[in-house]
Amino acid sequence: MGAPGGGKGTISKKILKDFKFNHISTGDILRKHVQDKTELGLIANSYMVKGALVPDTVVIDMLRLIHKNKKNDESLLLDGFPRTIEQAKQLSTIFPIDCLISLDIPHQTIIDRLSNRWIHAPSGRIYSYDYNPPKIHNKDDITGEPLSQRDDDKPETISKRLVSYEQMTKPLIEYYRNHSKNTHVEVFQGTESDVIYPNVKNYLLKHFKTK
Ligand code: ADP
């Protein structure tokens, strides 16, 4: 868990290098549906562009489908799910949650970071004008195609996403502490994923083996 732009995707990638999890990012799955213009994508997009959460029923149905196709011995890294108490309640009937990692990143850091994030939409390559700028301004390094900004990374939408995170998602930390005895909850503070990750890794090593 973590506020939008707080580095969930970056930390997830680092976790996947060290641990054997199947990565499920509800944001990535939804964006793929939007790109492919599926029925689900059209519904989801109308919420995503406004910086709102997609309705619980839509994402829960998506998760049920993933569960149906899940191999028995596989552990999942859920990135961006659950985001509401309702999703957490429904999730508890599908999978047990062993660990909850919450990234607590200052909002100003997030606002600066998101407004500097540009993507090459067809490949999903992400650039940041702070730390990995494209070689040529506004062009993808590999294809030379133009970069774009995610609709929901535009400044007016970022603040809506942060409010929705504070109101709908952050309360999940207390929810898991109080209602899910078997879930280990840990909050990590900081501003840089490279500095935060070693602490996340040490924590995960208490519960999972590395690859
Ligand atoms: P971020 O954490 O930066 O918002 P994500 O890629 O995780 O990025 O999500 C992008 C958008 O997709 C969210 O703003 C929301 O509209 C939608 N979304 C993703 N996961 C969920 C979820 N579990 N419940 C509802 N909406 C979701």
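Computed from the coordinates by the stated procedures, all read-outs in this text should not be read as laboratory data. Worth saying up front: this structure is predicted, and the values here are computed from it rather than measured. Note that each Cβ is placed from the backbone with ideal geometry, even for glycine, and that neighbours are counted across all protein chains shown.
Roughly how many debye, to the nearest 20, is the charge dipole of region 123-192 about its Cα centre, given +1 on each Lys and Arg Cβ, -1 on each Asp and Glu Cβ, and no other charges?
200
May I ask for the Rg/Rh ratio of the chain, computed from Cα atoms with Rh as the Kirkwood radius, given to two decimals?
0.94
With charges only on Cβ, +1 for K and R and -1 for D and E, what is the dipole size of region 18-63 about its Cα centre, in debye, rounded to 20?
Dipole size: approximately 140 debye.
Defining a contact as two alpha carbons under 8 Å apart and six or more residues distant in sequence, what relative contact order in percent does the chain show?
Dividing the mean separation by the residue count of the chain yields 30 percent.
Using alpha carbons only, how many degrees (0 to 90, rounded to 10) separate the axis of helix 39-48 from the longest principal axis of the chain?
80
Which value, in debye to the nearest 20, gives the size of the charge dipole of the chain about its Cα centre, when Lys and Arg are +1 and Asp and Glu are -1 at the Cβ?
About 500 debye.
Have a look at Ile142, Ser164, Ser180 and report the one farthest towards the positive end of the charge dipole of region 129-181, computed about the Cα centre with Cβ charges (Lys/Arg +1, Asp/Glu -1).
It is Ser180.
How far is helix 8-18 tilted off the main Cα axis of the chain, in degrees rounded to 10, range 0 to 90?
Taking the Cα atoms of the chain, the angle to 8-18 is about 70 degrees.
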